[in-house]
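Peer 1: Pasting a structure here, questions to come.
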Amino acid sequence: MPFSTLMLAASLEGLKWLFWAIAGLLVVMLAAQWLRGEEGRPLAVTLLAIGSLAVGFGCGALARRLGRDQGE
């Protein structure tokens, strides 16, 4: 696998975990707001968490595809 492709796949794998962590933190924030009775924007936060999770899955899938296409 060429170095540039390897770096792209590794970066996408890192982004996957980063977006999953962001989604997890958004869920924690949503739960904290709910438990404290704060008025926030729960729909917007929920949509951001779902979007972050989806982007994370997309990055992981693309990283696996790059590895598979390169034969590793």
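A short reminder: the numbers here are calculations on the coordinates, not readings from a lab. The shown structure was predicted, so the numbers you read here are calculated from the model rather than taken from an experiment. When we count neighbours, we look across all protein chains shown, and the Cβ atoms used for this are built from the backbone with ideal geometry, even at glycine.
Peer 1: Could you list, ordered by first residue, the pairs with Cβ atoms under 6 Å in which the first is in segment 43-61 and at negative phi and in contact (Cβ under 8 Å) with a residue 24 or more places away in the chain and the second is assigned to a helix (DSSP H, G or I) and small (Gly, Ala, Ser), at least 6 apart or interchain?
Peer 2: ALA49/ALA23; SER52/ALA23; LEU53/ALA23
Peer 1: Checking GLY40 against (1) among the small types (Gly, Ala, Ser); (2) over 30 Å from LEU6 (Cβ atoms); (3) part of a helix (DSSP H, G or I), which test does it fail?
Peer 2: The failed condition is (3).
Peer 1: Also, quick follow-up: What tally of residues in segment 16-37 results from selecting those that are farther than 28 Å from PHE3 by Cα and part of a helix (DSSP H, G or I)?
Peer 2: 15
Peer 1: So VAL28 ticks every box in (1) over 15 Å from ARG65 (Cα atoms); (2) touching a residue at least 24 places away in the same chain (Cβ under 8 Å) but one. Which box is left unticked?
Peer 2: That leaves (2) as the condition not met.
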